[in-house]
Amino acid sequence: MIQSVELRKSYGSNEVLRDVSLTIQKGEVFGFVGSNGSGKTTFLKCLAGIARPDSGSLDICGVNVLKNPLAARKRLGYAPGETSLYESMRVKGFLSFCLSFYKSADFSGALQMVETFGIPLHQRVRALSHGMKRKLLLTQAIASGGEVILLDEPMEGLDPEARRKVEAIIRDCASQGRTVFFSSHDLSSVERVCDRVGFLRNGELMRCGALEEILSEASQFLQLSFQEENREKVFAALKGIPAEVSAVSGDLEDVFASLYGPEGKEGKQ
Amino acid sequence: MMLARLFWREHRMLALGYTGILGAALTAATLYWPNLRDAGILTLVQYLPFEPLKEFAEGFEREGFWAYFAVQHLFRGAGMFGVAAAGLMGSGIVAREVDNRTAELLLSRPISRSRILMERWFAGAVLLLVPLLATTCLAAYLAPQVEEVLDIKTALAATVFAWLFPLAAFSITMFFSTLFSNQIKAAILVLGVSILQMAFYLIPELWNYSIFNIIDLDVTLKFTRGEFPMQEACTLAAVSLVSVAASICSFRRRGF
């Protein structure tokens, strides 16, 4: 459904994507994780045909995005990370505008979804909160009817309840055979909805695989609990130290920390 | 045509303002015409500060109400107010999307970049033309009130010709809009160049270098003789075409 082969993209001397290769199957939910500036948004922009890669190939539903971006865009729904919208429009008008470009768009479905999110249809977009704008963007992406849904930070700015709703919608899309590709800093959401996860660091795909596989690696981590005065001794040697050593089941936070180190963890929101 | 409709909606107040200014200026000028005509226009020439204005006054004396209409509506209305409206409308075509950070959302739609520009260019062209035509009709209606006759067919033909001038300005502004990320910068650039060109027009030594020559009285008077200023029309149309082509190339190459 989505195939990227050795994708490279630079902005001037700044190499943003370095030989990113990955394949995502139909009906899969793929989470793209990485610290700020790691290249997630640029990769999504390349997929949506907004940014042009310097080299490599990119296919969506068998259509080459670089050679035929228009045909590729017909097959995807896209929600950008930026929540600056056409502020003077009303919610209904905004949805109508966004969906008017798609033949397979489901406008009544979009209206229903907006109702589910509790967004007033006749409200001006400028009057919506950041979270509501995020939900509106998600709505137009899903209602576009595209076989592939690209979401840039869909959970950002959402309250826990809304996040759960969005997760359910994403899973629902996947159950209909649609492919969902989203970038996120919210690792708990990624863990709950994704089938596969990719970790991007400085434009390089560090790790990519099924969620279970990655989490099983995470469970190899050890958690050490000890008194502060014993810190040096713990680092010196484990044996014979009065510390409790226990294996705990890890999560994506642990994987993230192991891949990105303390700096990456700080960068993660 | 969704983008054209959006453009019309976004610029409806500007278009209304443009129509209002054109209408008010033309109405006031037309109603003032009897005073000017009866006072003897040539007596005013000595008080006019710039050579081109004196030539306009001599044209009024020689050619009558048509020359007055051509200067008031075609030169001032289309040439000056029209260029200002074109600058304000055209500067936002791409730069405003970038400035407002809506470009990403728009470019992710299944619509080509050239189509985005062409729809907006078409919408802007209509918004520049309709107020000019409407106010020309107003002038034809007002002319009998001041005991003059304005042939509506000739006046409309001359208006369509004069519209090519703000259209060229609009097309050039659209090109600058594809280069800039800030609408105000693009608008200031075009309006600044227009003011400079008008200054050139008023200075006899620089008069030949002013683009406002293309729609001044000498050219628009051709319509009263049953002629069409083909060379000037082709020049303006070519400027628009080249600007549109350059805009499409620039927008296609632009990275986001």
> Which residue, A:139, A:179, A:23, has the most motion in a Gaussian network model of chain A that connects Cα atoms within less than 10 Å?
Replying inline: A:23
> Taking the Cα centre of each part, how many Å lie between the range B:100-163 and the range B:1-63?
Replying inline: 17
>> Given R₀ = 30 Å, what would the calculated FRET efficiency be for residue A:115 paired with residue B:254, taking r from the Cβ atoms and rounding to 0.05?
In response: 0.20
> What does the highest-first list of B:191-201, B:98-108 look like by mean Cβ count within 10 Å?
Replying inline: B:98-108, B:191-201
>> From the C-alpha coordinates alone, can you work out the Kirkwood hydrodynamic radius of chain A, in Å?
In response: 19.9
>> Per residue, how big is the convex hull of the range A:15-148 when only Cα atoms are used? Give it in Å³.
In response: 124
> Using the alpha-carbon centroid of each, what span in Å lies between the range B:185-200 and the range A:86-146?
Replying inline: 40
>> Suppose each label sits 7 Å from its Cα in the direction of the beta carbon; what would the residue B:245-residue B:16 distance come out to in nanometres?
In response: 4.0
>> Suppose we keep just the DSSP beta bridges with both residues in chain A; what percent of those would be antiparallel, to 5?
In response: 60
> What is the mean number of Cβ atoms from other protein chains located within 10 Å of the Cβ atom of each residue in peptide A:76-86, rounded to a whole number?
Replying inline: 4
> How high is the relative contact order of chain B, in percent, with contacts defined as C-alpha pairs under 8 Å that are six or more residues apart?
Replying inline: 28
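Quick note: the coordinates plus some simple rules give every number you see, no bench work behind them. Remember, predicted model here, so these are calculated numbers, not experimental data. Cβ coordinates were reconstructed from backbone atoms using ideal geometry, including for glycine residues, and neighbour counts include every protein chain displayed.
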